[in-house]
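Right, one structure below, let's go through it.
The values are calculated or read from the model by the stated rules, or taken from the named source; none is laboratory data. All values reported here derive from a predicted model rather than from experimental measurement. Glycine also receives a Cβ, built like all others from the backbone with ideal geometry; neighbour counts cover every protein chain displayed.
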Amino acid sequence: MDISEEVLSTLRRISRAVEVYSKTLLREFGLTAPQLTLMTTLRRSGSLSVSEIARRVSLSQATVTSILDRLEQQAFVTRVRGKDDKRVVYIELTDKSKEILAKQPNPLHNDFVKRLGKLEDWEQTLLLSSLQRIAKMMDVERIDSAEHAAP
């Protein structure tokens, strides 16, 4: 097996692990990992605009809007017009989402988070850098933008 096949195989295994864990989150909390990621970002930072959420979680604004639409339908977030500038819409957590977040679900598998935390700082940075480079090589930003621009 050549290196590109090994990379693809490993990416598939990672994707499968993320998918399985996301199903666990959905079953236990009624949330997907991306939904939980947005909610934990809001818990840490308070109400934010859609563009600010997108910047903080490194997703396109279109992707974040789509996730927020589903969260709003499930009454996990609300949209509130800015007091100073009515053109700006802020996203806020509801009591329902705060109850779930109090149980401290993690958008990443807890075992993974523990193992990652045990690595040296330089190892964590190397892993992150490698993953970011893979994402760039796969042109994920363009793919994500094109996916949400399609009718």
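Name the residues in segment 71-88 that are among the β-branched types (Val, Ile, Thr) and either loosely packed, with under 13 Cβ neighbours inside 10 Å or over 24 Å from the mean Cα position of the chain (by Cα) (or both), would you? Let's see the steps before the verdict.
Here is the first cut: in segment 71-88, the residues among the β-branched types (Val, Ile, Thr) are 77-78, 80, 88.
Matches in segment 71-88: Val80 only.
A single member of Ser51, Ser22 is among the hydroxyl-bearing types (Ser, Thr, Tyr), assigned to a helix (DSSP H, G or I) and either modelled with pLDDT of 90 or more or in contact with an Asp or Glu (Cβ under 8 Å, 6 or more places away or on another chain) (or both), and it is Ser51.
Yes or no, residue by residue, for (1) under 9 Å from the mean Cα position of the chain (by Cα); (2) touching a residue at least 12 places away in the same chain (Cβ under 8 Å):
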{"residue": "Glu28", "(1), (2)": "no, yes"}
{"residue": "Leu31", "(1), (2)": "no, yes"}
{"residue": "Pro34", "(1), (2)": "yes, yes"}
{"residue": "Thr37", "(1), (2)": "yes, yes"}
{"residue": "Arg44", "(1), (2)": "no, no"}
{"residue": "Glu52", "(1), (2)": "no, no"}
{"residue": "Val57", "(1), (2)": "yes, yes"}
{"residue": "Thr65", "(1), (2)": "no, yes"}
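Just for segment 32-48: of the residues that are assigned to a loop (DSSP other than H, G, I, E, B) and modelled with pLDDT of 90 or more, which one is surrounded by the most Cβ atoms within 10 Å (Cβ to Cβ)?
The selected residue is Ser47.
Looking at this structure, is Leu59 outside any helix (DSSP H, G or I) and within 23 Å of Asn110 (Cα to Cα)? Yes.
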